[in-house]
Amino acid sequence: MKKTIRRTVREPVRQTRSVCPVCLRQLPAVIIRDGENYSLEKTCPEHGTFSAVIWRGSRPSFETWGGALPPSDAVSPDCPHACGLCGAHLRQTCCVLLEVTSRCNLGCPVCFASSGNSDNSRDTDEPPVSTLYEQFKILVKNGNTFVQLSGGEPTVRDDLPEIVAAAKKAGCENIQLNTNGLRLGEDAAYVKALRDAGLSFVFLQFDGTTDDIYKKIRGRALLDAKIAAIDVCGDNRLGVTLVPTVIPGINDHNIGDILTFGLKRSPVIRGVHFQPVSYFGRYPKPPADRDRITLPEILNAIEEQTDGLIQLNDFAPSCCDHPRCTFHGDFVVLPDSLMKLTAKTDTRNKSTCACGSKDDTSHLKNRNFVSRRWKRTDEDASDDPGADYEDMETFLKRVRTHGFTVTAMAFQDAYTLDLERLRRCSLHVYRDGRTIPFCAYYLSSYEEGTPQP
């Protein structure tokens, strides 16, 4: 019997624009479907053709996940080279990031900021508290009251509590710390000072539940340091969200264990925010498709590795950012179970998102919802298995105290950058008076290997 060989047909499904990974010039690009996989392809007249996988699998479907349509206008802004936010940008700022230092106490190969300097002597370019205070005031005046303090590693600054206090004084309602947690676990007095100054919650770099993962990604065993940081934050009633950078072949098998770790430590841990690896800053060679993991792969891994406790259908695409950038699931941890609370969005993308409104401030509701889920409350909730959660007051109190979110953000690098997605970004970086979409700010070419100014 003659063997039948099934061949997939490559076909274009979407026209967009991207950049050359070498020279960063803006280029026409096309999304190609090859079976159940989708790649972004573009050709630079000087440096050749590039292809990078952006979506693997049919669960969920690339075409129907969020139902995102291309922008209706024909605008092709000079993006990412002319960022700040121009009139062609389609989203307001939900969260704005400020780099308070370029120093770091780790030298990770996987790093947005390319912060390999472990020398903790003061950097002369490090903005003083007074300068940061003026920046916070400008942000608040422009309606941006949800700030993330980042770097580098912010906790190398001894005056970080003063920075938090300055943000609070300027009117920032939600102040998030992006940290590797090393100092937090070693210096309880420092954590208390951060809390007393007004820190809202902590985004903790947390790549896995075994030290072999940290040795591969961060260069040293760090699990005990991470647990120590979580414990100190718990003692100070600071909510912690775990932030794993997911890398194929290194920690993608550990996704379920990370979730189990977080759920067992509720209410200190408020959720897990997965970040598929992307290639900014330093990387030794152009990434191959095998070096990437996509959102549907993470969603399916969550379902498989939690034995169905958390399922793909428990998640929804973002209506704030582009749906191919994020997903979110909302839960409450009960004493003996996990209840799903995710509000389903209109998959045809006909629902509106306040972040897209140019003349309204209702996008603040979205920020406030996020902050309520990530913050610790001063309330205490009983873990009595006999508690009556059919009583609305008891149930709502449990939601406040033991809410748990599972989210992801697929950042774009020079190989995967899609201007359609970039125009709908609501996570921005503030620098030198400009508010810049995150992926545009950290974009780097392969030859340069350093973030663009």
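The values are calculated or read from the model by the stated rules, or taken from the named source; none is laboratory data. Treat the numbers as computed from the prediction; the structure is a model and nothing was measured. Using ideal geometry, Cβ is built from the backbone for each residue, glycine included, and neighbour counts are taken over all protein chains shown. Please note that ligands, DNA and RNA were not included when accessible areas were found on the heavy atoms of the full protein model with its side chains. Shrake-Rupley method; radii C 1.70, N 1.55, O 1.52, S 1.80 Å.
Values computed for the structure shown
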| read-out | value |
| --- | --- |
| Rounded percent of accessible protein surface that carbon and sulfur make up, segment 275-336, 1.4 Å probe | 47 percent |
| Amide proton proximity set for ASN37, modelled H, under 5 Å, gap of 5+ | GLY57 |
| Rounded if a/c under 1.5, otherwise prolate or oblate - segment 42-109, Cα gyration tensor axes | rounded |
| Backbone N under 17 Å from the LYS264 label point (7 Å along Cα→Cβ), restricted to segment 295-318 | 305-307, 309-310 |
| For segment 296-309, Karplus couplings with θ = phi - 60° (6.51, -1.76, 1.60), whole Hz, Gly/Pro x | x, 5, 5, 4, 5, 5, 4, 5, 5, 7, 9, 6, x, 4 |
| Given charges at beta-carbon only (K, R positive; D, E negative), |dipole| of segment 136-271 in Debye | 380 debye |
| Under 5 Å, built H, 5+ apart or other chain: amide partners of GLY271 | LEU242, THR405 |
| Estimated distance in nm for a label pair at GLU134 and CYS86, the labels positioned 7 Å out from Cα along Cα-to-Cβ | 2.8 nm |
| Dipole magnitude of segment 207-302, debye to nearest 20 (Cβ charges: Lys/Arg +1, Asp/Glu -1, about Cα centre) | 240 debye |
| Cut-off under 5 Å, modelled amide H: who pairs with GLN148 long-range | VAL96, LEU97, LEU98, GLN176 |
| Residue-normalised accessible area of segment 144-240, expressed per residue, 1.4 Å probe, Å² | 32 Å² |
| Extension reserve of the LYS168-GLU46 stretch, reckoned as 0.36 nm per residue once the Cα distance is removed | 39.0 nm |
| Accessible area in square angstrom per residue, segment 396-450, 1.4 angstrom probe | 27 Å² |
| Within the accessible area of segment 400-447 (1.4 Å probe), percent carbon and sulfur | 47 percent |
| √(5λ) per eigenvalue of the Cα gyration tensor, segment 253-303, largest first, Å | 27, 14, 8 |
| Solvent-accessible surface ranking, highest first, for TYR446, TYR133 at 1.4 angstrom | TYR446, TYR133 |
| Assigned charges on the beta-carbon of Lys, Arg, Asp, Glu; segment 252-296 dipole about Cα centre (debye) | 160 debye |
| Positive-end residue, segment 119-207 charge dipole about Cα centroid, Cβ charges, pick of THR145, ALA189, GLN176 | THR145 |
